[in-house]
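Q: The following block contains the structure, expressed as structure tokens.
The values are calculated or read from the model by the stated rules, or taken from the named source; none is laboratory data. Please read all numbers here as calculations on a predicted model, not as lab measurements. Don't worry about glycine lacking a Cβ; one is built from the backbone with ideal geometry, like all the others, and counts go over all protein chains shown. Just so you know, the surface numbers come from the protein's heavy atoms only, side chains and all, with ligands and any DNA or RNA stripped out. Shrake-Rupley method; radii C 1.70, N 1.55, O 1.52, S 1.80 Å.
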Amino acid sequence: MSQLPPPVRTARPVQQDATPEQSPFRPASKVGRKARLSIQGLSGAGKTWTGLSICHGLSEGATFAVVDTEAGASNLYAGHQGIRFDTVSMDRYDPRDLARVLDSAAQAGYPTVFVDSLSHFWKGTDGTLAQVERASSKYGGNKFAGWKDGTPIQNDMVAAILAYPGHVVCSMRSYTEWVLEGGKPQQVGMRPEQRKGIEYEFDVAVAMDIDNRLEVLKSRCPALNRKVIDRPNGARDIASPLLAWLSAAPEPAAQP
């Protein structure tokens, strides 16, 4: 019976004389980290105003930028409670255009950008789904069978959001469903109108209902974990603990 050949080592051998300076690892740190937050909810839940208030708090009163896909709705809040922001209105929603707008905002030095709303770049005019449908019709559906989640177009847009040098807040519409509660029909919001699992891209994801109640669905910031807030003040209730968490010094190691 023939014997198998000896195994071939393919991994790079560990250098026995490696020094700490040569190691790719560094102490973990939040230094320079900026907030990434999403707000989902039904129409009328208060996403725009809450998002503007959060951005005002994250910007510590400085002028921030708003990417408005809601027919200029954010302008209705201009100057309210001292909030200052500049806007750019969009009526076509190619995700690559959002990446270019974020790049322009970065060059202008805005500390925070509010995308209101990110849902349009999924299912609006020229959005991700329209781009996939157009490509499928032109080149054949089989080639784009793996694009059901919009990749790589969607991935490039998310990468631009994560790469922004300041804070980013994105609102998203929720798919609406009617349910019976106590014999009466009630409107409830389901998952956001975006790629499935989009909330995992953010440090904090919150949902708002029609009664203007905010529920934290996910949070890497311990102070916000599982919070439920009625009629929230975005700057005080969300931005303030977020900034405190991002700027907090590491806790000393526990003594043995």
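Q: For the stretch 74-92, what are the residues that are crowded, with 16+ Cβ neighbours inside 10 Å and either part of a loop (DSSP other than H, G, I, E, B) or among the aliphatic types (A, V, I, L, M) (or both)?
A: Matches in the stretch 74-92: ILE83, MET90.
Q: Can you tell which of PRO111, PRO95 is more than 19 Å from LEU52 (Cβ to Cβ) and either open to solvent by less than 70 Å² (accessible area, probe 1.4 Å) or within 16 Å of the chain's Cα centre (by Cα) (or both)?
A: Exactly one residue qualifies, and that residue is PRO95.
Q: If you check LEU102 against the conditions, is it under 16 Å from the mean Cα position of the chain (by Cα), part of a helix (DSSP H, G or I), in contact (Cβ under 8 Å) with a residue 60 or more places away in the chain and surrounded by 13 or more Cβ atoms within 10 Å (Cβ to Cβ)?
A: Against the criterion (under 16 Å from the mean Cα position of the chain (by Cα), part of a helix (DSSP H, G or I), in contact (Cβ under 8 Å) with a residue 60 or more places away in the chain and surrounded by 13 or more Cβ atoms within 10 Å (Cβ to Cβ)), LEU102 qualifies.
Q: Of (1) surrounded by 17 or more Cβ atoms within 10 Å (Cβ to Cβ); (2) touching a residue at least 24 places away in the same chain (Cβ under 8 Å), ASN233 satisfies all except one. Which?
A: Exception for ASN233: condition (1).
Q: Mind counting the residues in the stretch 202-238 that are touching a Lys or Arg at 6+ places or on another chain (Cβ under 7 Å), of a type in the set (D, E, K, R) and either over 18 Å from LEU42 (Cβ atoms) or assigned to a loop (DSSP other than H, G, I, E, B) (or both)?
A: Qualifying residue count for the region: 1.
Q: Here is a further query. Can you give me the number of residues within the stretch 29-45 that are of a type outside the set (A, V, I, L, M), over 9 Å from the mean Cα position of the chain (by Cα) and open to solvent by less than 20 Å² (accessible area, probe 1.4 Å)?
A: Number of matching residues: 2.
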